[in-house]
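The values are calculated or read from the model by the stated rules, or taken from the named source; none is laboratory data. Note that the structure is predicted; figures quoted are calculated from it, not measured. Ideal geometry is used to build each Cβ from the backbone, glycine not excepted, and the neighbour counts take in all protein chains shown. For accessibility, only protein heavy atoms count, side chains too; no ligands or nucleic acids. Shrake-Rupley method; radii C 1.70, N 1.55, O 1.52, S 1.80 Å.
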Amino acid sequence: METSVTNSPEELGIAAGKAAADLIRETIASNGKANIILATGASQFETLNQLIKEDIDWSKVTMFHLDEYIDLPESSPASFRKYLKERFLEKVSPLKAVYLVNGENNPEAECKRLGEIIQQNPIDVALVGIGENGHLAFNDPPADFDTHVPYLVVNLDEQCRKQQFGEGWFKSIDDVPTQAISMSVQQILKSKHIICSVPDRRKAQAVKDSLEQPVSNKYPSSILQLHPDCRFYFDKASAELLSTV
């Protein structure tokens, strides 16, 4: 594992965004195209801010993303489709293809649709984060480490839902959906390169557990320890509990 600790979320985002851009450009240079996964949420603000500034031929890039709430309209401030359109897609030139998770569709059918597409488009670069409860995408503990379906319906635990409310996406905890469509852990691990951006002190315990605990579905992001090229980007606050950095 490769770890980088910066002084601030802004510096973290610059470093992670530049690293992701380099990998995307290298992939395009060697393969003529690149398939990527983007993450959402507050942890990704600065990384995406840097990525949209990079000189990349987006017409050769196919984009997937990690998850979306079930039955949440795209007009909601908490919609990840809305997030990606406003913070990424509307700020770069048109991509080769974009596959957004539509949580308003039949969930099982949507998982099947996206699963068939992503299996034909092996992922080169995945941008991910770590939740306060250690989740990877919306795979809350105890996460399913065994399933190889690309997307699945998951139940969101209380800590996960409190995080979404605490970040200001919802007006009350009761408004946070209880289910979502999530990319599976095994599908994320199939990515050739992973960039994991995790700022903020509230993530410090999850960071420590993910890097220093034995790999366990109690700490879903701990499975990133097994990936051959996962690069972690922390700020001083999120890294403060690590024994070594």
Along the Cα-to-Cβ line of residue 215, 7 Å from the Cα, sits a label point; which residues in the stretch 102-138 have backbone N less than 13 Å from it?
none
Cα gyration tensor shape of the stretch 142-245, rounded if a/c is under 1.5, else prolate or oblate by comparing a/b with b/c
oblate
With every protein chain in place, the accessible area of residue 161 for a 1.4 Å probe, in Å² rounded to the nearest 10, comes to 40 Å²
Using a 1.4 Å probe on the protein heavy atoms only, what accessible surface does residue 96 show? Give it in Å² to the nearest 10.
120 Å²
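Can you figure out the FRET efficiency of residue 173 with residue 201, using R₀ = 22 Å and their beta-carbon distance, to the nearest 0.05? Display every interim value, and only then the final one.
On the way: r = 21 Å, r/R0 = 0.97.
Efficiency at R0 = 22 Å is approximately 0.55.
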Just grab the label-to-label distance for residue 33 and residue 97, each label 7 Å out from Cα along the Cβ direction, in nm (one decimal).
0.6 nm
To the nearest 10 square angstrom, what accessible area does residue 211 show with a 1.4 Å probe?
30 Å²
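Please arrange 55, 67 by accessible surface area, largest first, computed with a 1.4 Å probe and ligands excluded. Show your work: numbers first, answer last.
On the way: 55 130, 67 10 Å².
Output order, biggest surface exposure first: 55, 67.
Are any of the pairs 85/162; 18/60; 53/203; 60/91; 53/208 more than 22 Å apart by Cα-Cα distance, and if so, which?
Numbers: 85/162 25 Å; 18/60 18 Å; 53/203 27 Å; 60/91 16 Å; 53/208 31 Å.
Among 85/162; 18/60; 53/203; 60/91; 53/208, the Cα-Cα distance tops 22 Å for 85/162; 53/203; 53/208.
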So, R0 is 30 Å and r is the distance between the beta-carbons of residue 192 and residue 116; what FRET efficiency does that work out to, to 0.05?
0.90
Whole-percent carbon and sulfur share, accessible surface of the stretch 1-155, 1.4 Å
46 percent
